[in-house]
Amino acid sequence: MEEMRYLTFALGKGRLAKKTLEMFEQIGITCEEMKDKDTRKLIFVNEELKLRFFLSKGPDVPTYVEYGAADIGVVGKDTILEEGRNLYEVLDLGFGKCRMCICGPESAGELLRHHELIRVATKYPNIAKNYFYNKKHQTVEIIKLNGSIELAPIVGLSEVICDIVETGSTLRENGLVVLEEVCPLSARMVVNQVSMKMEHERITKLISDLKTVLKDTQS
Ligand code: PRP
């Protein structure tokens, strides 16, 4: 019999990876090695199931998957939209739910309604561009930032921001509100396009097992 090859998973570091591994445990996929918090190892192997896992920065997950360095990835929908890589998005994992929104002080609502040439600060320039240019047909100036986006309208860098809202507490504590919703977000499973063909059986089995867990948790 032909030796089974390893299926490699790229997981976005942090909360998403933790939730993903919890979900994988429910379908019998474990990786004990990965639970050691002090380890500096980058890659973890489950020899029995011929699986490999590695953690990377969220925005790098679609890159690893597009190039086939990972067969499968788990990453937020925000990152998938922003990176625009060629891959298959196969499953909504139902956790990490939040929204991509246009936010600002209440007063900025008027500027949005009148299609004024406003400045939009964001960590997601492609999502913001697509929303304003293709959906709203509104010309804006997009300013790329790398974090703490809520600061921008407070210190006068921009009129609004395009950012993730989860509980809404960051906005509330800084006197900002949601002005428009761009799209809902959650963690998604993505698959390399060639792997989907070459490892079709193993990957579709994984997807259907996860779907069963999702159904059970919903009911
Ligand atoms: C995210 C996002 C908001 C905040 C929203 O930032 O950019 O700032 O969480 O969450 P809330 O609605 O529950 O307050 P993150 O903590 O990831 O860090 P960042 O600001 O460095 O991007």
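The values are calculated or read from the model by the stated rules, or taken from the named source; none is laboratory data. Computed from a predicted model, the values in this text were never measured in an experiment. Note that each Cβ is placed from the backbone with ideal geometry, even for glycine, and that neighbours are counted across all protein chains shown. To get the accessible areas, we keep the full protein, side chains included, count just its heavy atoms, and leave off ligands, DNA and RNA. Shrake-Rupley method; radii C 1.70, N 1.55, O 1.52, S 1.80 Å.
Quick check: the angle from helix 200-218's long axis to the longest principal axis of the chain, C-alpha only, nearest 10 degrees?
Between the helix axis and the principal axis of the chain, the angle is about 60 degrees.
Can you tell me which aspartates and glutamates have their Cα less than 16 Å from the Cα of Lys77? Leave out same-chain residues fewer than eight positions away.
Output for Lys77: Asp60, Glu66, Glu89, Asp92, Asp163, Glu166, Glu181.
On C-alpha positions alone, give me the angle between the axis of helix 15-26 and the longest principal axis of the chain, in degrees, nearest 10.
The answer is roughly 30 degrees.
Residues of the chain: accessible area per residue at 1.4 Å, in Å²?
56
Between region 140-154 and region 187-219, what is the separation of their alpha carbon centroids in Å?
36
Of the cross-linked pairs Lys13/Lys97; Lys123/Lys197; Lys129/Lys215; Lys129/Lys205; Lys19/Lys215; Lys144/Lys197, which ones have a Cα-Cα span greater than 27 Å in the structure shown?
Flagged as over cut-off: Lys123/Lys197; Lys129/Lys215; Lys129/Lys205; Lys144/Lys197.
As a check on your grasp of the helix formula, calculate [θ] at 222 nm for the chain: sum -39500 (n - 2.57) over DSSP H runs of n ≥ 4, divide by the residue count, round to the nearest 500.
Helix contribution divided over all residues of the chain: -8500 deg cm²/dmol.
Can you tell me the length gained on complete extension of the stretch Thr139 to Cys183, counting 0.36 nm per residue apart and subtracting the Cα distance?
Extending this stretch completely gives an extra 13.9 nm.
Before anything else, pin down the relative contact order of region 54-186: Cα pairs under 8 Å, at least 6 apart, normalised by residue count, whole percent.
Worked out over region 54-186, it gives 34 percent.
Among Gly147, Ala128, Leu112, whose Cα sits farthest toward the positive end of the charge dipole of region 98-183 (+1 at Cβ of Lys/Arg, -1 at Cβ of Asp/Glu, about the Cα centre)?
Result: Ala128.
In region 98-183, what percentage of the DSSP-assigned beta bridges are antiparallel, given to the nearest 5?
Of those bridges, close to 60 percent are antiparallel.
Looking at the chain, send over the antiparallel percent of its DSSP beta bridges, to the nearest 5.
Around 60 percent antiparallel, to the nearest 5.
Subtracting the Cα-Cα distance from 0.36 nm times the residue separation, let me have the gained length for Asn174 to Lys35 in nm, one decimal.
Stretched fully, the Asn174-Lys35 segment lengthens by 46.4 nm.
Would you please give the FRET efficiency between Thr212 and Asn126, computed as 1/(1 + (r/R0)^6) with r the Cβ-Cβ distance and R0 = 45 Å, to the nearest 0.05?
So, using R0 = 45 Å, E works out to roughly 0.85.
Put +1 on the Cβ of each Lys and Arg and -1 on the Cβ of each Asp and Glu in the chain; which of Leu87, Phe44, Ile27 then has its Cα farthest toward the positive end of the dipole?
Leu87
Let's see if you can work this out: charge +1 on each Lys and Arg Cβ, -1 on each Asp and Glu Cβ, no other charges. What is the dipole magnitude of region 98-183 about its Cα centre, in debye to the nearest 20?
Using only the charged Cβ atoms, the result is roughly 320 debye.
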